[in-house]
1. Among what's in the range 258-275 and is within 27 Å of PRO125 (Cβ to Cβ) and in contact with a strand residue (DSSP E or B) (Cβ under 6 Å, 6 or more places away or on another chain), pick the residue that is surrounded by the fewest Cβ atoms within 10 Å (Cβ to Cβ).
2. Is it the case that some residue within the range 207-216 is part of a loop (DSSP other than H, G, I, E, B) and closer than 21 Å to VAL62 by Cα?
3. Among the residues in the range 204-217, are any under 20 Å from ARG115 (Cα atoms), of a type in the set (Gly, Ala, Ser) and either surrounded by 19 or more Cβ atoms within 10 Å (Cβ to Cβ) or modelled with pLDDT of 90 or more (or both)?
4. Need at least 2 residues that are out of contact with any strand residue (DSSP E or B) (no Cβ under 9 Å at 6 or more places or on another chain) and of a type in the set (D, E, K, R) per element, so show me which helices (runs of 4 or more DSSP H) inside the range 95-160 make the cut, counting only ones lying wholly within it.
5. Every residue in the range 76-131 that is small (Gly, Ala, Ser) and at pLDDT 95 or above, please.
6. Going by the structure shown, is ALA179 among the aliphatic types (A, V, I, L, M), touching a residue at least 24 places away in the same chain (Cβ under 8 Å) and either in a loop (DSSP other than H, G, I, E, B) or in contact with a strand residue (DSSP E or B) (Cβ under 6 Å, 6 or more places away or on another chain) (or both)?
7. Which of the residues spanning the range 2-33 are touching a strand residue (DSSP E or B) at 6+ places or on another chain (Cβ under 6 Å) and either free of Cβ contacts under 8 Å to residues at least 60 places away in the same chain or at positive phi (or both)?
8. Is the range 167-181 home to any residue that is among the acidic types (Asp, Glu), under 22 Å from ILE116 (Cβ atoms) and modelled with pLDDT of 95 or more?
Amino acid sequence: MATYVIGDVQGCYNCLQALLEKIHFSKNSDRLWFVGDLINRGPRSLEVLRFIQSLGNTTQVVLGNHDLGLLIHWKNKRVMRDTALLDEILAAPDADALLHWLRQQPLMFVDHDQRIILTHAGLYPLWSIKTASQHADLLSHALKSDQFETVLSQLAGDEPVRWQDTLSDLEKHRFICNAFTRMRYISPEGALQLQYKGPADFIHDALFAWFLHPQLDLQNYRLVFGHWAALQGQCSHPQIEAIDTGCAWGGMLTALRIEDNLRFSLDCSSQKGGF
């Protein structure tokens, strides 16, 4: 049995299926994990959701910012850019079933046997693994609850940029959401900088790429994340694997095999526009 972690699919259904053929994925003997952003940008987001849901216990998903954006749009119809692809999902006869399934997915997954952590954007460096897991569970439980519509209505926004235990529930939910699904750069003091989206070699005296922050402590775990296509799958931290390789931009779709750390990538440039 092999476990493959796949980077941001973002609606690129054809690329996903071609990559699964390349790695000879077997639903009966292998596992597929996804680091979020299953939908948007690519034209076949609905098929991606249906396929991944159909895998059942074979798969593990963590939520990304595009996935949460879909959930927010579903229940709150907030003004968002490029909602045509989201509206196509919402018009499907099985939309509610798919989106109730989606909101049940966690923000952080830890496999203690294989010492692997999955998140979409990374691990906030001022949190230990245990603390991060507790905070992820706080928001995940809220999204699974009967109050999920209210929770979704409060998630959008950049504030607060720093964690404090004295934050209100609304503020805690929003910070947790941003730390797990939108984070790239932070200040030495731990303030999120959510506007800059460029490569990690950006030089700024007051900012770190989150994985270069000196307080990050992964113990003896490996972390796999997506979200940051500008990294082109490169991360200088020896315990961290970046696997968003820009499929939706005509780049690559990447699968990482956990057992031996081998990568398998599919060039999606020829399929851009068709996916």
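The values are calculated or read from the model by the stated rules, or taken from the named source; none is laboratory data. All figures in this text were calculated on a predicted structure; none of them were measured in a lab. Backbone-built Cβ (ideal geometry, glycine too); neighbour counts: all protein chains shown.
1. First pass over the range 258-275, keeping only residues within 27 Å of PRO125 (Cβ to Cβ): 258, 261, 263.
This time we only want the ones that are in contact with a strand residue (DSSP E or B) (Cβ under 6 Å, 6 or more places away or on another chain), so: 258, 263.
Working: ILE258: 19, ARG263: 16.
Selected residue: ARG263.
2. First pass over the range 207-216, keeping only residues part of a loop (DSSP other than H, G, I, E, B): 207, 213-216.
With the extra rule that they be closer than 21 Å to VAL62 by Cα, the set shrinks to 216.
Yes, the range 207-216 contains a residue that is part of a loop (DSSP other than H, G, I, E, B) and closer than 21 Å to VAL62 by Cα.
3. Taking every residue of the range 204-217 in turn, none turns out to be under 20 Å from ARG115 (Cα atoms), of a type in the set (Gly, Ala, Ser) and either surrounded by 19 or more Cβ atoms within 10 Å (Cβ to Cβ) or modelled with pLDDT of 90 or more (or both).
4. It comes to 95-103, 129-144.
5. Restricting attention to the range 76-131, the residues satisfying the condition of being small (Gly, Ala, Ser) are 84, 91-92, 95, 97, 121-122, 128.
Scanning the range 76-131 gives ALA92, ALA95, ALA97, ALA121, GLY122, SER128.
6. On the way: among the aliphatic types (A, V, I, L, M): yes; touching a residue at least 24 places away in the same chain (Cβ under 8 Å): yes; either in a loop (DSSP other than H, G, I, E, B) or in contact with a strand residue (DSSP E or B) (Cβ under 6 Å, 6 or more places away or on another chain) (or both): no.
So ALA179 fails the test.
7. ARG31, LEU32
8. To start, the set of residues in the range 167-181 that are among the acidic types (Asp, Glu) comprises 169, 171.
Imposing the further condition that a residue be under 22 Å from ILE116 (Cβ atoms) reduces the set to none.
Scanning the range 167-181, I find no residue that is among the acidic types (Asp, Glu), under 22 Å from ILE116 (Cβ atoms) and modelled with pLDDT of 95 or more, so the answer is no.
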